[in-house]
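Let me begin by presenting the structure, written as C-alpha cells, before commenting on it.
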Amino acid sequence: MNAPRNFALAFGSPRKLPRARELGGRVVVLDIAFAYDVEGGALKPSSASKFEQITGKLIDGLGGRLAAWVDHHDHARHADYAADPRFVLATKAQHPACPEMVTAELVARVGDVDTIVCHTDFDGLCAAAKWMRGGVEPYAGADADARAIDTRIGKPGPIGERFDRALRGRPNDEGLCGLVVRHLATGLADAGLWAPIDRAAADYQAQEDEARRQAKGFARLRGAPHGVAYVDVTPRAGEARRAYDKTLLLLLGQEREPIAVVVDRDTVSLAAAFDSGIDFLALLGLSGGMPTRVSVPVQRLADVLRALGVTDPPPRRG
C-alpha cells in the first residue's frame, strides 16, 4: 500500500481528554471510553456527571468537526448517540478490541480527517495506525494481538507482545506512543524504530518483578458466589512506593480465585476473566467502563467487599 498520509496525533484517556481548541480540523476519536462516575449512587443536584464534565465537553466543543468516535467499552450513554452515524459504539462483548472496528468501509465513509485522538495502550495506538492505513492491519495478526492484549485471553504474537511490554514499561510516555503509531502505520518498514521500543520494553522488567513480588501477599477470601483473591499494596510508613504492573498483579490474583482485588493508597481495582460473565458495573452501580475490570476510590472498599459477598475480613496491612 502507499505510505499513509500525515495526521496530527493526540492522546487521551476516559478521564483526561485534550481540549477541543487544541485539535485541528476534522477529528476522529478511537478507543476512548465515555467517562463514568465511580462513586455510585445519585449525583448531588448541583453536580455534573463525569460524562458531562469530560466526554460531553469534548463532543460539544468539537461540534461539526467531530468526524467519528469509535469505541468498544460499555456505557449507559451510548444509547443517546445511537442515531448519530458519527458514533460507532459497541460493548466489550461485541468487540473485544478497537482495531477490528476500524474497517476500510468505515474509514471511507467518514472521509478525510486531520487529527486522530486515541488511547495510549496497544489497542488504541494500533487502531490509530490502522485508520492511517485506510483500515488495513499494520501487520498480519495485529487485530488478533489487540484482542489478546486487551482481554488477556490467549497470548499475543511476538510483535504484539514486543509493543505491549514497551508501552507497559513507559505508560505515560507520549513520545513513545507516537513512535509506536509511526512504526505501525508504516507497516514496520523501518527496522531502526525497534531500538527505542525495545529499550522501553526493558524498563518493564522491574515492574513485572515487583508485581510478582506483591502477588505473594494475596489472601483468599470467601465470597458469594465467587472466591476473591485480595492484596493491599499500599506502602507502609516510610516505605518507598515502587512501580508495578497492576494488570499483571490482577491476573496473578485471578490464578488463585475468580475475582482479584488490589488495594492501594487511592484506589480499589477489581478484575475477573473477560469471559467470566461477572459484571462489576452492575454490582457497583457504575454507569460505564469494562464489566470485568473497574477501579473505584479506596473509600468504597467496604462497599466493594459487601457487593462481592465477602464473608472474611480482609487482612490488615502490617
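Which residue out of Ala224, Ala200, Ala195 is within 20 Å of the chain's Cα centre (by Cα) and of a type in the set (Gly, Ala, Ser)?
Of Ala224, Ala200, Ala195, the one residue that is within 20 Å of the chain's Cα centre (by Cα) and of a type in the set (Gly, Ala, Ser) is Ala200.
Taken over the range 126-145, the criterion of being over 19 Å from Leu66 (Cα atoms) and among the aliphatic types (A, V, I, L, M) is satisfied by Val136, Ala140, Ala142, Ala144. Checking each residue in the range 236-267 for being assigned to a loop (DSSP other than H, G, I, E, B), free of Cβ contacts under 8 Å to residues at least 60 places away in the same chain and under 28 Å from Thr311 (Cβ atoms) picks out Glu255, Arg256, Glu257, Pro258, Asp264, Arg265, Asp266.
Can you confirm whether Val117 is modelled with pLDDT of 95 or more, closer than 20 Å to His183 by Cβ and under 20 Å from the mean Cα position of the chain (by Cα)? So Val117 fits the description; yes.
Specify the residue that is farthest from the chain's Cα centre (by Cα); the eligible residues are those in the range 140-178 that are part of a loop (DSSP other than H, G, I, E, B) and of a type in the set (A, V, I, L, M, F, W, C). Among them, the one singled out is Ala140. With the requirement that a residue be surrounded by fewer than 17 Cβ atoms within 10 Å (Cβ to Cβ) and either closer than 29 Å to Val294 by Cβ or at pLDDT below 95 (or both), what does the range 136-161 give you? Hits for the range 136-161 are Ile153, Gly154, Lys155, Gly157, Glu161.
The values are calculated or read from the model by the stated rules, or taken from the named source; none is laboratory data. Values in this document were obtained by computation on a predicted structure and should not be read as measured data. Note that we place each Cβ from the backbone using ideal geometry, even for glycine, and neighbour counts take in every protein chain shown.
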